[in-house]
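These notes are about the structure you will find just below.
The values are calculated or read from the model by the stated rules, or taken from the named source; none is laboratory data. All values reported here derive from a predicted model rather than from experimental measurement. A quick note on method: Cβ atoms are made from the backbone with ideal geometry, for glycine too, and the neighbour counts reach across all protein chains shown. What goes into the accessible areas is simple: the full protein's heavy atoms, side chains included, and nothing from ligands, DNA or RNA. Shrake-Rupley method; radii C 1.70, N 1.55, O 1.52, S 1.80 Å.
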Number of protein chains: 2
Amino acid sequence: MTKEVVRVEAAIERALAGKSCAIVSSGDPGIYAMAGLVFETCKVKGIVIMPPASAPEAADDKNVLRLEVVPGIPALCAGAALLGAPLTHDFAAISLSDLLTPWELIEQRLEAAARSDFVIVIYNPKSKKRNWQLGKAQEIILRYRDKKTPVGIVSRAMRKKQNIEIVTLDDMHTAEIDMQTTVFVGNSTSSQYLDFMYTPRGYAKKYQIKS
Amino acid sequence: MTKEVVRVEAAIERALAGKSCAIVSSGDPGIYAMAGLVFETCKVKGIVIMPPASAPEAADDKNVLRLEVVPGIPALCAGAALLGAPLTHDFAAISLSDLLTPWELIEQRLEAAARSDFVIVIYNPKSKKRNWQLGKAQEIILRYRDKKTPVGIVSRAMRKKQNIEIVTLDDMHTAEIDMQTTVFVGNSTSSQYLDFMYTPRGYAKKYQIKS
(Lines give C-alpha, C1' and ligand atoms only; values in the text may rest on other atoms or scores of the structure.)
Protein backbone atom coordinates (compact mmCIF):
# COMPACT_ATOMS: atom_id res chain seq x y z
CA MET A 1 0.00 0.00 0.00
CA THR A 2 2.74 2.43 0.92
CA LYS A 3 4.44 1.81 -2.43
CA GLU A 4 1.22 2.70 -4.20
CA VAL A 5 1.08 6.04 -2.38
CA VAL A 6 4.66 6.75 -3.43
CA ARG A 7 3.90 5.87 -7.08
CA VAL A 8 0.86 8.13 -7.16
CA GLU A 9 2.67 11.04 -5.50
CA ALA A 10 5.60 10.72 -7.91
CA ALA A 11 3.23 10.73 -10.89
CA ILE A 12 1.34 13.79 -9.65
CA GLU A 13 4.60 15.64 -9.00
CA ARG A 14 5.79 15.00 -12.56
CA ALA A 15 2.44 15.95 -14.04
CA LEU A 16 2.45 19.22 -12.08
CA ALA A 17 5.93 19.89 -13.49
CA GLY A 18 4.36 19.78 -16.96
CA LYS A 19 5.07 16.22 -18.09
CA SER A 20 2.42 13.86 -19.44
CA CYS A 21 2.33 10.99 -17.02
CA ALA A 22 0.41 7.68 -16.81
CA ILE A 23 -0.16 5.36 -13.86
CA VAL A 24 -0.62 1.84 -15.15
CA SER A 25 -2.82 -0.78 -13.49
CA SER A 26 -3.65 -4.27 -14.71
CA GLY A 27 -7.31 -4.85 -15.54
CA ASP A 28 -9.45 -1.75 -15.13
CA PRO A 29 -7.80 1.09 -13.16
CA GLY A 30 -11.07 1.88 -11.40
CA ILE A 31 -11.92 -1.57 -9.99
CA TYR A 32 -9.94 -2.36 -6.83
CA ALA A 33 -7.05 -0.48 -8.41
CA MET A 34 -5.14 2.78 -8.43
CA ALA A 35 -7.59 5.38 -9.81
CA GLY A 36 -9.30 6.05 -6.48
CA LEU A 37 -6.01 6.80 -4.80
CA VAL A 38 -5.14 9.41 -7.43
CA PHE A 39 -8.33 11.37 -6.71
CA GLU A 40 -7.93 10.94 -2.96
CA THR A 41 -4.37 12.25 -3.15
CA CYS A 42 -5.32 15.25 -5.28
CA LYS A 43 -8.11 16.12 -2.86
CA VAL A 44 -5.86 15.86 0.22
CA LYS A 45 -3.22 18.02 -1.50
CA GLY A 46 -5.81 20.51 -2.78
CA ILE A 47 -4.72 20.10 -6.40
CA VAL A 48 -7.22 21.45 -8.93
CA ILE A 49 -8.10 18.66 -11.38
CA MET A 50 -10.24 18.73 -14.50
CA PRO A 51 -11.29 16.26 -17.21
CA PRO A 52 -9.20 16.70 -20.41
CA ALA A 53 -11.89 18.43 -22.47
CA SER A 54 -13.58 20.70 -19.94
CA ALA A 55 -12.94 24.44 -19.52
CA PRO A 56 -10.74 24.98 -22.60
CA GLU A 57 -10.09 28.54 -21.39
CA ALA A 58 -8.00 27.00 -18.60
CA ALA A 59 -5.82 25.06 -21.06
CA ASP A 60 -2.70 27.03 -20.20
CA ASP A 61 -3.31 27.25 -16.47
CA LYS A 62 -0.36 25.52 -14.83
CA ASN A 63 -2.23 25.10 -11.58
CA VAL A 64 -4.81 22.87 -13.24
CA LEU A 65 -4.04 19.18 -13.62
CA ARG A 66 -5.86 17.43 -16.49
CA LEU A 67 -6.83 13.96 -15.37
CA GLU A 68 -8.24 11.15 -17.48
CA VAL A 69 -9.09 7.61 -16.41
CA VAL A 70 -8.81 5.19 -19.33
CA PRO A 71 -11.07 2.21 -18.67
CA GLY A 72 -9.88 -1.34 -19.26
CA ILE A 73 -11.20 -4.87 -19.08
CA PRO A 74 -11.45 -5.82 -15.41
CA ALA A 75 -10.64 -9.31 -14.11
CA LEU A 76 -14.34 -9.82 -13.57
CA CYS A 77 -14.99 -9.49 -17.32
CA ALA A 78 -11.90 -11.39 -18.48
CA GLY A 79 -12.59 -14.22 -16.04
CA ALA A 80 -16.30 -14.32 -16.84
CA ALA A 81 -15.56 -14.56 -20.57
CA LEU A 82 -13.29 -17.57 -19.98
CA LEU A 83 -15.93 -19.29 -17.86
CA GLY A 84 -18.83 -18.58 -20.22
CA ALA A 85 -21.33 -16.00 -18.99
CA PRO A 86 -21.70 -16.09 -15.19
CA LEU A 87 -22.50 -12.35 -14.91
CA THR A 88 -25.52 -12.01 -17.16
CA HIS A 89 -27.63 -11.06 -14.15
CA ASP A 90 -27.21 -8.89 -11.02
CA PHE A 91 -23.90 -9.42 -9.25
CA ALA A 92 -21.87 -8.12 -6.32
CA ALA A 93 -18.09 -7.69 -6.28
CA ILE A 94 -16.51 -8.23 -2.85
CA SER A 95 -12.84 -8.17 -1.88
CA LEU A 96 -11.88 -10.52 0.97
CA SER A 97 -8.84 -8.42 1.86
CA ASP A 98 -9.28 -7.10 5.39
CA LEU A 99 -6.15 -4.95 5.30
CA LEU A 100 -8.16 -1.74 4.79
CA THR A 101 -11.71 -2.96 5.47
CA PRO A 102 -12.95 -4.42 8.77
CA TRP A 103 -13.76 -8.13 8.42
CA GLU A 104 -17.21 -7.58 10.01
CA LEU A 105 -18.21 -5.37 7.07
CA ILE A 106 -16.92 -7.90 4.54
CA GLU A 107 -18.95 -10.62 6.30
CA GLN A 108 -22.03 -8.43 6.29
CA ARG A 109 -21.66 -7.86 2.54
CA LEU A 110 -21.17 -11.57 1.83
CA GLU A 111 -24.28 -12.36 3.84
CA ALA A 112 -26.37 -9.65 2.13
CA ALA A 113 -25.25 -10.72 -1.35
CA ALA A 114 -25.83 -14.41 -0.62
CA ARG A 115 -29.27 -13.84 0.90
CA SER A 116 -30.46 -11.71 -2.05
CA ASP A 117 -29.27 -14.18 -4.69
CA PHE A 118 -26.61 -12.00 -6.31
CA VAL A 119 -23.95 -13.75 -8.34
CA ILE A 120 -20.87 -13.02 -6.18
CA VAL A 121 -17.47 -12.09 -7.62
CA ILE A 122 -14.74 -12.49 -5.02
CA TYR A 123 -11.52 -10.50 -5.42
CA ASN A 124 -8.39 -11.13 -3.30
CA PRO A 125 -9.72 -14.48 -2.07
CA LYS A 126 -6.55 -15.73 -0.45
CA SER A 127 -2.89 -14.89 0.09
CA LYS A 128 -0.11 -16.68 1.94
CA LYS A 129 -0.89 -14.74 5.09
CA ARG A 130 -4.66 -14.48 4.66
CA ASN A 131 -5.84 -18.05 4.36
CA TRP A 132 -9.08 -18.42 6.38
CA GLN A 133 -11.31 -15.74 4.79
CA LEU A 134 -12.39 -17.81 1.78
CA GLY A 135 -13.50 -20.73 3.96
CA LYS A 136 -15.53 -18.33 6.06
CA ALA A 137 -17.06 -16.81 2.92
CA GLN A 138 -18.00 -20.29 1.70
CA GLU A 139 -19.64 -21.05 5.07
CA ILE A 140 -21.72 -17.83 4.90
CA ILE A 141 -22.82 -18.38 1.29
CA LEU A 142 -23.75 -22.04 2.01
CA ARG A 143 -26.35 -20.81 4.51
CA TYR A 144 -28.36 -19.41 1.61
CA ARG A 145 -27.28 -21.31 -1.48
CA ASP A 146 -27.34 -24.95 -2.58
CA LYS A 147 -24.05 -26.78 -2.08
CA LYS A 148 -24.09 -27.83 -5.73
CA THR A 149 -24.10 -24.19 -6.92
CA PRO A 150 -21.44 -23.81 -9.65
CA VAL A 151 -18.37 -21.78 -8.73
CA GLY A 152 -16.01 -20.59 -11.44
CA ILE A 153 -12.40 -20.04 -10.50
CA VAL A 154 -10.07 -18.14 -12.82
CA SER A 155 -6.43 -17.33 -12.13
CA ARG A 156 -4.28 -15.07 -14.30
CA ALA A 157 -7.00 -14.66 -16.96
CA MET A 158 -5.46 -14.37 -20.44
CA ARG A 159 -1.92 -14.41 -19.04
CA LYS A 160 0.82 -16.97 -18.55
CA LYS A 161 -0.20 -19.80 -16.19
CA GLN A 162 -3.89 -19.07 -16.74
CA ASN A 163 -6.04 -21.56 -14.83
CA ILE A 164 -9.80 -22.12 -15.16
CA GLU A 165 -11.87 -24.46 -13.01
CA ILE A 166 -15.57 -24.95 -12.38
CA VAL A 167 -16.35 -26.63 -9.06
CA THR A 168 -19.35 -26.78 -6.73
CA LEU A 169 -19.80 -24.44 -3.78
CA ASP A 170 -19.08 -27.18 -1.24
CA ASP A 171 -15.83 -28.05 -3.07
CA MET A 172 -14.69 -24.45 -3.47
CA HIS A 173 -11.94 -24.73 -0.86
CA THR A 174 -10.26 -27.58 -2.78
CA ALA A 175 -9.52 -25.44 -5.87
CA GLU A 176 -6.20 -23.79 -6.65
CA ILE A 177 -6.66 -20.22 -5.40
CA ASP A 178 -4.25 -17.36 -4.72
CA MET A 179 -4.14 -13.54 -4.87
CA GLN A 180 -4.33 -13.59 -8.67
CA THR A 181 -7.55 -15.60 -8.64
CA THR A 182 -11.08 -14.29 -9.14
CA VAL A 183 -13.90 -16.48 -7.83
CA PHE A 184 -17.40 -16.41 -9.37
CA VAL A 185 -20.11 -17.91 -7.15
CA GLY A 186 -23.27 -18.58 -9.17
CA ASN A 187 -26.76 -17.54 -8.03
CA SER A 188 -29.70 -19.94 -7.68
CA THR A 189 -30.25 -20.01 -11.46
CA SER A 190 -26.60 -20.34 -12.60
CA SER A 191 -25.65 -23.63 -14.14
CA GLN A 192 -22.78 -25.53 -15.65
CA TYR A 193 -23.06 -26.85 -19.21
CA LEU A 194 -20.09 -28.94 -20.34
CA ASP A 195 -16.97 -26.82 -19.62
CA PHE A 196 -18.90 -23.55 -19.29
CA MET A 197 -20.77 -21.76 -16.54
CA TYR A 198 -23.56 -19.28 -17.20
CA THR A 199 -26.36 -17.37 -15.50
CA PRO A 200 -29.57 -16.95 -17.50
CA ARG A 201 -30.77 -13.38 -17.78
CA GLY A 202 -34.34 -14.11 -16.87
CA TYR A 203 -36.74 -16.98 -17.09
CA ALA A 204 -36.05 -19.41 -19.91
CA LYS A 205 -39.76 -19.99 -20.45
CA LYS A 206 -40.18 -16.37 -21.46
CA TYR A 207 -37.58 -16.69 -24.17
CA GLN A 208 -39.36 -19.62 -25.82
CA ILE A 209 -36.18 -21.17 -27.14
CA LYS A 210 -37.03 -24.23 -29.24
CA SER A 211 -35.07 -27.37 -28.38
CA MET B 1 -36.19 -10.07 -26.28
CA THR B 2 -37.72 -12.20 -29.02
CA LYS B 3 -35.44 -10.57 -31.57
CA GLU B 4 -32.43 -11.50 -29.46
CA VAL B 5 -33.48 -15.15 -29.46
CA VAL B 6 -33.82 -15.02 -33.26
CA ARG B 7 -30.34 -13.44 -33.63
CA VAL B 8 -28.71 -16.07 -31.42
CA GLU B 9 -30.49 -18.95 -33.18
CA ALA B 10 -29.46 -17.60 -36.60
CA ALA B 11 -25.83 -17.28 -35.49
CA ILE B 12 -25.75 -20.82 -34.08
CA GLU B 13 -27.32 -22.20 -37.24
CA ARG B 14 -24.64 -20.54 -39.40
CA ALA B 15 -21.84 -21.66 -37.11
CA LEU B 16 -23.10 -25.26 -37.21
CA ALA B 17 -23.08 -25.00 -41.02
CA GLY B 18 -19.33 -24.33 -40.78
CA LYS B 19 -19.16 -20.54 -40.94
CA SER B 20 -17.29 -18.37 -38.43
CA CYS B 21 -19.89 -16.22 -36.82
CA ALA B 22 -19.86 -13.41 -34.22
CA ILE B 23 -22.67 -11.99 -32.14
CA VAL B 24 -21.90 -8.37 -31.35
CA SER B 25 -22.96 -6.60 -28.14
CA SER B 26 -22.09 -3.11 -26.97
CA GLY B 27 -20.01 -2.95 -23.79
CA ASP B 28 -19.07 -6.36 -22.44
CA PRO B 29 -21.04 -9.27 -23.94
CA GLY B 30 -21.24 -10.98 -20.54
CA ILE B 31 -22.76 -8.15 -18.47
CA TYR B 32 -26.53 -7.83 -18.98
CA ALA B 33 -25.91 -8.78 -22.61
CA MET B 34 -26.09 -11.59 -25.14
CA ALA B 35 -23.48 -14.16 -24.01
CA GLY B 36 -25.73 -15.86 -21.47
CA LEU B 37 -28.43 -16.43 -24.06
CA VAL B 38 -25.95 -18.17 -26.37
CA PHE B 39 -25.06 -20.72 -23.68
CA GLU B 40 -28.70 -21.15 -22.66
CA THR B 41 -29.70 -21.78 -26.26
CA CYS B 42 -26.90 -24.31 -26.86
CA LYS B 43 -27.89 -26.18 -23.71
CA VAL B 44 -31.59 -26.29 -24.62
CA LYS B 45 -30.74 -27.53 -28.13
CA GLY B 46 -28.17 -30.03 -26.81
CA ILE B 47 -25.36 -28.60 -28.95
CA VAL B 48 -21.88 -29.70 -27.88
CA ILE B 49 -19.76 -26.57 -27.25
CA MET B 50 -16.07 -26.27 -26.39
CA PRO B 51 -13.60 -23.42 -25.79
CA PRO B 52 -11.43 -22.76 -28.89
CA ALA B 53 -8.25 -24.39 -27.57
CA SER B 54 -9.54 -27.43 -25.71
CA ALA B 55 -9.58 -31.01 -27.02
CA PRO B 56 -7.58 -30.45 -30.22
CA GLU B 57 -8.35 -34.05 -31.23
CA ALA B 58 -11.94 -32.89 -31.81
CA ALA B 59 -10.84 -30.10 -34.17
CA ASP B 60 -12.53 -31.69 -37.19
CA ASP B 61 -15.64 -32.87 -35.39
CA LYS B 62 -18.54 -31.14 -37.11
CA ASN B 63 -20.84 -31.77 -34.17
CA VAL B 64 -18.67 -29.65 -31.89
CA LEU B 65 -19.20 -25.91 -31.84
CA ARG B 66 -16.18 -23.83 -30.75
CA LEU B 67 -17.36 -20.94 -28.65
CA GLU B 68 -15.35 -17.97 -27.42
CA VAL B 69 -16.55 -14.97 -25.44
CA VAL B 70 -14.40 -11.91 -26.13
CA PRO B 71 -14.60 -9.57 -23.13
CA GLY B 72 -15.09 -5.84 -23.55
CA ILE B 73 -15.31 -2.71 -21.47
CA PRO B 74 -18.70 -2.72 -19.74
CA ALA B 75 -20.76 0.45 -19.21
CA LEU B 76 -19.89 0.22 -15.53
CA CYS B 77 -16.18 0.70 -16.32
CA ALA B 78 -16.63 3.28 -19.08
CA GLY B 79 -19.03 5.29 -16.95
CA ALA B 80 -16.89 5.00 -13.82
CA ALA B 81 -13.82 6.24 -15.73
CA LEU B 82 -15.73 9.33 -16.87
CA LEU B 83 -16.91 10.05 -13.35
CA GLY B 84 -13.55 9.48 -11.68
CA ALA B 85 -13.27 6.31 -9.60
CA PRO B 86 -16.58 5.44 -7.93
CA LEU B 87 -15.93 1.66 -8.01
CA THR B 88 -12.67 1.38 -6.12
CA HIS B 89 -14.43 -0.58 -3.38
CA ASP B 90 -17.08 -3.34 -3.20
CA PHE B 91 -20.05 -2.73 -5.47
CA ALA B 92 -23.29 -4.34 -6.60
CA ALA B 93 -24.72 -4.16 -10.13
CA ILE B 94 -28.52 -4.21 -10.27
CA SER B 95 -30.82 -3.91 -13.27
CA LEU B 96 -34.16 -2.19 -12.61
CA SER B 97 -35.81 -3.93 -15.56
CA ASP B 98 -38.63 -6.10 -14.26
CA LEU B 99 -39.41 -7.61 -17.65
CA LEU B 100 -37.67 -10.88 -16.75
CA THR B 101 -37.09 -10.45 -13.00
CA PRO B 102 -39.86 -10.02 -10.40
CA TRP B 103 -39.82 -6.52 -8.90
CA GLU B 104 -39.85 -8.00 -5.36
CA LEU B 105 -36.44 -9.59 -5.99
CA ILE B 106 -35.03 -6.33 -7.43
CA GLU B 107 -36.27 -4.48 -4.34
CA GLN B 108 -34.72 -7.08 -2.05
CA ARG B 109 -31.38 -6.66 -3.82
CA LEU B 110 -31.52 -2.86 -3.62
CA GLU B 111 -32.27 -3.08 0.08
CA ALA B 112 -29.48 -5.60 0.75
CA ALA B 113 -26.91 -3.57 -1.21
CA ALA B 114 -27.95 -0.29 0.45
CA ARG B 115 -27.91 -1.75 3.96
CA SER B 116 -24.43 -3.29 3.52
CA ASP B 117 -22.90 -0.11 2.11
CA PHE B 118 -22.10 -1.39 -1.37
CA VAL B 119 -21.56 1.19 -4.08
CA ILE B 120 -24.59 0.47 -6.30
CA VAL B 121 -24.45 0.48 -10.11
CA ILE B 122 -27.93 0.67 -11.60
CA TYR B 123 -28.50 -0.62 -15.13
CA ASN B 124 -31.72 -0.01 -17.11
CA PRO B 125 -32.87 2.68 -14.68
CA LYS B 126 -35.77 4.01 -16.70
CA SER B 127 -37.53 3.67 -20.04
CA LYS B 128 -40.57 5.39 -21.53
CA LYS B 129 -42.82 2.65 -20.18
CA ARG B 130 -40.94 1.90 -16.95
CA ASN B 131 -40.78 5.20 -15.14
CA TRP B 132 -41.42 4.55 -11.42
CA GLN B 133 -38.69 2.01 -10.56
CA LEU B 134 -35.87 4.54 -10.15
CA GLY B 135 -37.89 6.63 -7.69
CA LYS B 136 -38.63 3.50 -5.69
CA ALA B 137 -34.92 2.56 -5.74
CA GLN B 138 -34.03 6.03 -4.48
CA GLU B 139 -36.57 5.68 -1.65
CA ILE B 140 -35.09 2.31 -0.59
CA ILE B 141 -31.49 3.53 -0.68
CA LEU B 142 -32.37 6.70 1.27
CA ARG B 143 -33.44 4.50 4.19
CA TYR B 144 -29.78 3.56 4.70
CA ARG B 145 -27.72 6.28 3.11
CA ASP B 146 -27.29 10.02 3.62
CA LYS B 147 -29.31 12.20 1.27
CA LYS B 148 -26.12 14.05 0.28
CA THR B 149 -24.46 10.83 -0.98
CA PRO B 150 -22.96 11.55 -4.42
CA VAL B 151 -24.65 9.87 -7.38
CA GLY B 152 -22.91 9.74 -10.75
CA ILE B 153 -25.07 9.57 -13.83
CA VAL B 154 -23.57 8.68 -17.20
CA SER B 155 -25.47 8.33 -20.45
CA ARG B 156 -23.96 7.01 -23.71
CA ALA B 157 -20.43 6.81 -22.24
CA MET B 158 -17.83 7.63 -24.91
CA ARG B 159 -20.49 7.88 -27.62
CA LYS B 160 -22.39 10.64 -29.33
CA LYS B 161 -24.59 12.64 -26.94
CA GLN B 162 -22.55 11.51 -23.95
CA ASN B 163 -23.84 13.08 -20.75
CA ILE B 164 -22.19 13.11 -17.31
CA GLU B 165 -23.71 14.51 -14.12
CA ILE B 166 -22.93 14.23 -10.43
CA VAL B 167 -25.91 14.92 -8.18
CA THR B 168 -26.89 14.04 -4.61
CA LEU B 169 -29.03 11.03 -3.75
CA ASP B 170 -32.05 13.17 -2.88
CA ASP B 171 -31.78 14.95 -6.25
CA MET B 172 -31.28 11.78 -8.28
CA HIS B 173 -34.77 11.85 -9.81
CA THR B 174 -34.14 15.30 -11.33
CA ALA B 175 -31.28 14.12 -13.58
CA GLU B 176 -31.58 13.24 -17.26
CA ILE B 177 -31.97 9.47 -17.25
CA ASP B 178 -33.06 6.96 -19.89
CA MET B 179 -32.34 3.35 -20.94
CA GLN B 180 -28.82 4.26 -22.06
CA THR B 181 -27.92 5.67 -18.65
CA THR B 182 -25.90 3.97 -15.92
CA VAL B 183 -26.35 5.30 -12.39
CA PHE B 184 -23.58 5.05 -9.75
CA VAL B 185 -24.79 5.52 -6.17
CA GLY B 186 -21.85 6.13 -3.83
CA ASN B 187 -21.37 4.31 -0.52
CA SER B 188 -20.94 6.07 2.84
CA THR B 189 -17.30 6.94 2.05
CA SER B 190 -17.73 8.11 -1.57
CA SER B 191 -17.24 11.78 -2.19
CA GLN B 192 -17.28 14.42 -4.86
CA TYR B 193 -14.17 16.47 -5.53
CA LEU B 194 -14.62 19.22 -8.12
CA ASP B 195 -16.14 17.52 -11.20
CA PHE B 196 -15.15 14.02 -10.11
CA MET B 197 -16.62 11.33 -7.87
CA TYR B 198 -14.56 8.64 -6.17
CA THR B 199 -14.71 5.99 -3.50
CA PRO B 200 -11.57 5.56 -1.39
CA ARG B 201 -10.27 2.00 -1.25
CA GLY B 202 -9.88 1.90 2.46
CA TYR B 203 -9.27 4.31 5.24
CA ALA B 204 -7.37 7.43 4.26
CA LYS B 205 -5.54 7.52 7.57
CA LYS B 206 -3.86 4.21 6.73
CA TYR B 207 -2.45 5.60 3.52
CA GLN B 208 -0.70 8.51 5.22
CA ILE B 209 -1.00 10.83 2.25
CA LYS B 210 0.76 14.10 3.04
CA SER B 211 -1.25 17.22 2.33
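Counting Lys and Arg as +1 and Asp and Glu as -1, what is the net charge of the other residues whose Cβ lies under 12 Å from the Cβ of A:Gly27?
Taking every other residue near A:Gly27 into account, the sum is +1.
Straight-line reach from A:Lys45: which aspartates and glutamates have Cα under 15 Å away, leaving out those fewer than 8 places along the same chain?
A:Glu9, A:Glu13
Calculate how steeply helix B:35-45 sits against the longest principal axis of the alpha-carbon atoms of chain B, using the helix alpha-carbon long axis, and give the answer as 0 to 90 degrees to the nearest 10.
Taking the Cα atoms of chain B, the angle to B:35-45 is about 40 degrees.
When ligands, DNA and RNA are left out and all protein chains stay put, how many square angstrom of accessible area per residue does chain A have with a 1.4 Å probe?
Heavy-atom SASA per residue in chain A reads 47 Å².
What is the distance in Å between the Cα centroid of region A:100-125 and that of region B:14-51?
Spelled out, the Cα-based centre of one part sits 30 Å from the other.
Give me a comma-separated list of calculated 3J(HN,Hα) values for region B:76-90, in order, Karplus coefficients 6.51, -1.76, 1.60 applied at θ = phi - 60°, integers in Hz, x for any Gly or Pro.
These are the phi-based 3J(HN,Hα) values: 5, 7, 4, x, 4, 4, 6, 7, x, 8, x, 10, 6, 10, 3 Hz.
Please tell me which of these pairs span more than 19 angstrom C-alpha to C-alpha: A:Lys3/A:Lys161; B:Lys126/B:Lys161; A:Lys19/A:Lys62?
Checking Cα-Cα distances, A:Lys3/A:Lys161 exceed 19 Å.
Quick check on the protein assembly as shown: what does the Kirkwood estimate of hydrodynamic radius come out to from the alpha carbon pairs, in Å? Before the final figure, lay out the partial values.
Values: mean 1/r = 0.0449 Å⁻¹.
For the protein assembly as shown, inverting the mean 1/r across all distinct Cα pairs yields 22.3 Å.
Taking accessible area as the heavy-atom solvent-accessible surface of the protein chains with a 1.4 Å probe, which residues of region B:82-99 lose no less than 50 Å² upon going from the isolated chain to the full protein assembly?
At a threshold of 50 Å² (probe 1.4 Å), the residues of region B:82-99 that become less exposed are B:Thr88, B:His89, B:Asp90, B:Phe91.
Quick one: net charge around A:Ile140, please, counting Lys, Arg +1 and Asp, Glu -1 for every other residue with C-beta under 15 Å from its C-beta.
-3
By DSSP, what percent of the beta bridges with both residues in region A:129-211 are antiparallel, rounded to the nearest 5?
So the antiparallel bridges amount to about 100 percent of the total.
Going 7 Å from Cα along the Cα-Cβ axis for the label, what nanometre distances separate A:Glu4 from the same residue across the other copies?
So the distances to the same position in the other copies read 3.4 nm.
Taking the 0 to 90 degree range and rounding to the nearest ten, how far is the long axis of helix A:133-142 tilted relative to the main principal axis of chain A, both from C-alpha atoms?
Rounded to the nearest ten degrees, it is 50.
Which order do B:Lys136, A:Lys62 take when ranked by solvent-accessible area (1.4 Å probe, heavy atoms of all protein chains), largest first? Walk me through the numbers on the way to the answer.
Numbers: B:Lys136 55, A:Lys62 175 Å².
Accessible-area ranking of B:Lys136, A:Lys62, largest first: A:Lys62, B:Lys136.
Quick check: convex hull of the Cα atoms in region B:27-147, volume per residue, rounded to a whole Å³? Working shown, then result.
Working: hull volume 19.0 nm³, N = 121.
So the per-residue hull volume is 157 Å³.
What total accessible surface area, summed over both chains, is buried at the interface between chains B and A, computed with a 1.4 Å probe and given in Å² to the nearest 100?
Using a 1.4 Å probe on protein heavy atoms, the buried area is about 7000 Å².
Binned at 10 Å from 0, what are the whole-percent values of the Cα-Cα distance distribution for region A:1-62, short to long?
19, 52, 26, 3
Inter-copy label distances at B:Glu104, 7 Å along the Cα→beta-carbon direction, one decimal in nm, shortest first?
Values, ascending and in nm: 3.3.
Rounded to a whole number, what % of the accessible area of the protein assembly as shown do carbon and sulfur atoms account for, probe 1.4 Å?
For the protein assembly as shown, the apolar C and S fraction of the accessible surface comes to 52 percent.
Shortest first and in nm to one decimal, what separations exist between B:Glu176 and its copies in the other chains, measuring from label points 7 Å along the Cα-to-beta-carbon line?
Distances to the matching label points in the other copies: 5.1 nm.
Report P(r) for chain B: all Cα-Cα distances, bin width 5 Å, range 0 to the bin holding the largest distance, values in whole percent.
1, 7, 13, 16, 15, 12, 10, 9, 7, 5, 3, 1, 0
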